[in-house]
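Notes for the one structure printed next.
The values are calculated or read from the model by the stated rules, or taken from the named source; none is laboratory data. None of these values were measured; they are calculated from a predicted model. Quick reminder, even Gly has a Cβ in these numbers, built from the backbone with ideal geometry, and neighbours come from all protein chains shown. Remember, those area values only see protein heavy atoms, side chains included, never the ligands or the DNA or RNA. Shrake-Rupley method; radii C 1.70, N 1.55, O 1.52, S 1.80 Å.
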Amino acid sequence: MCGTSRPMIAYALRRLLQAIPTLFVVVTLSFFLIRLAPGGPFDLERPLPPAAMENLKRLYGLDQPLIVQYGRYLLSLAKGDLGPSFSFRDLTVNDLFARGLPVSATLGSLALALALLLGLGFGTLAAFRRGRMADRLVGIGASLGLAVPTFVTAPLLQIVFGLSLAWLPVGGWDGGNPRNLVLPVITLALPQIAAIARLTRSALNEVLTQPHIRTLRAMGLPPWRVALQALRGALLPVLSTLGPVAAALLTGSVIVETIFGLPGIGRYFVDGALNRDYTLVMGTVVLVAVMVVAFNLVADLLAAVLDPRLRLGA
């Protein structure tokens, strides 16, 4: 047991150390690109008097040289402080995320679970029914799921299930009422179901031709046992895509949250971008970057469990 855990721990530490420079580069590039973009957080339709503008810049530290602002931001970020919001004057970015992140995380978690369940199921069905009607139907459905964007899918679901059939509400959060989650979760999950199904089918078709699977079939094992063994080998390419997919779903979709009127962090990102709210946009970038790195690390560790060659450095 100890001999197995040591390579695993070493592999996890190595991947974690590689992630730190990545986060630093993302934060640095985002900080300077946002600050160098035209406009500012206090540029209004009716310009402020010069004295008021100077006072606001002094209050938020924007009168300092850019490199000084960058250093202060890094120090605050190291303490877990994402800074004050420029557009929501009475709130900090931490306060806004404390409100919006539970909504986005609930929505994203359900969408990810649904995408994995249906994507792996449809992909496995298509691989074991290769060339048959089930395979063709899954292929057509996956192509449609990838081709139709969410800003088309969401209104269609609202019209059909919300307005025509009146089965589900067309929007709103309502304190996390499950009925309000159905349509946005399905909208978020559909493209990922299609992508995972296609990837699973492709990986399984390759695994099913390998000698050890043919041996299991020749030994007369039940089809479900053969499917489980084949699926274990096919999970590696699926896991490699779960990092960015999970981060995107769990941090919320800007389009889906806007269409369904959900108070997630996607709405705050839109407001921050429109109002040049530097700290709010930076906070969203940092949150997404951390999520991507964290879920990539989890996916790599799961892949290392499935394939010992990865953790041994092969």
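Output the number of the condition that residue 80 fails; it satisfies all remaining conditions of (1) modelled with pLDDT of 90 or more; (2) at positive phi.
That leaves (1) as the condition not met.
Restricted to region 64-80, and to residues that are open to solvent by 70 Å² or more (accessible area, probe 1.4 Å) and part of a loop (DSSP other than H, G, I, E, B), which residue is farthest from residue 93 (Cα to Cα)?
By that ranking, first place goes to 65.
So is residue 61 open to solvent by less than 30 Å² (accessible area, probe 1.4 Å) and free of Cβ contacts under 8 Å to residues at least 40 places away in the same chain or not?
Considered against the rule, which asks whether it is open to solvent by less than 30 Å² (accessible area, probe 1.4 Å) and free of Cβ contacts under 8 Å to residues at least 40 places away in the same chain, residue 61 comes out as yes.
Check 186, 159, 213 and return the single one that is under 22 Å from residue 142 (Cβ atoms) and either within 30 Å of the chain's Cα centre (by Cα) or of a type outside the set (Gly, Ala, Ser) (or both).
Of 186, 159, 213, the one residue that is under 22 Å from residue 142 (Cβ atoms) and either within 30 Å of the chain's Cα centre (by Cα) or of a type outside the set (Gly, Ala, Ser) (or both) is 186.
Can you work out which of the residues in region 93-109 that are open to solvent by 50 Å² or more (accessible area, probe 1.4 Å) and not hydrophobic (A, V, I, L, M, F, W, C) is farthest from the chain's Cα centre (by Cα)?
Only one residue tops the list, namely 95.
Return the residues of region 81-115 that are β-branched (Val, Ile, Thr) and in a helix (DSSP H, G or I); say none if nothing qualifies.
93, 103, 106
From the list 49, 21, 7, exactly one residue is surrounded by fewer than 10 Cβ atoms within 10 Å (Cβ to Cβ) and either modelled with pLDDT under 80 or within 15 Å of residue 276 (Cα to Cα) (or both). Which is it?
49
Being surrounded by 22 or more Cβ atoms within 10 Å (Cβ to Cβ) and either polar (S, T, N, Q) or not in a helix (DSSP H, G or I) (or both) is the filter here; which residues of region 214-267 pass it?
251, 252, 253, 260, 262, 264
Is it fair to say residue 271 is within 24 Å of residue 172 (Cβ to Cβ) and in contact with a Ser or Thr (Cβ under 7 Å, 6 or more places away or on another chain)?
When the stated conditions are applied, residue 271 passes them.
Do we have residue 205 as surrounded by 12 or more Cβ atoms within 10 Å (Cβ to Cβ) and touching an Asp or Glu at 6+ places or on another chain (Cβ under 9 Å) here?
No.
Is it the case that region 134-151 has a residue that's touching a Phe, Trp or Tyr at 6+ places or on another chain (Cβ under 8 Å) and open to solvent by 60 Å² or more (accessible area, probe 1.4 Å)?
no
When you go through (1) at pLDDT below 90; (2) farther than 30 Å from residue 235 by Cα; (3) surrounded by 13 or more Cβ atoms within 10 Å (Cβ to Cβ) one by one for residue 112, which number turns out not to apply?
Going through (1) at pLDDT below 90; (2) farther than 30 Å from residue 235 by Cα; (3) surrounded by 13 or more Cβ atoms within 10 Å (Cβ to Cβ) one by one, residue 112 breaks only (2).
So, in region 269-278, exactly how many residues are touching a residue at least 12 places away in the same chain (Cβ under 8 Å) and open to solvent by 10 Å² or more (accessible area, probe 1.4 Å)?
Within region 269-278, residues that are touching a residue at least 12 places away in the same chain (Cβ under 8 Å) and open to solvent by 10 Å² or more (accessible area, probe 1.4 Å) number 6.
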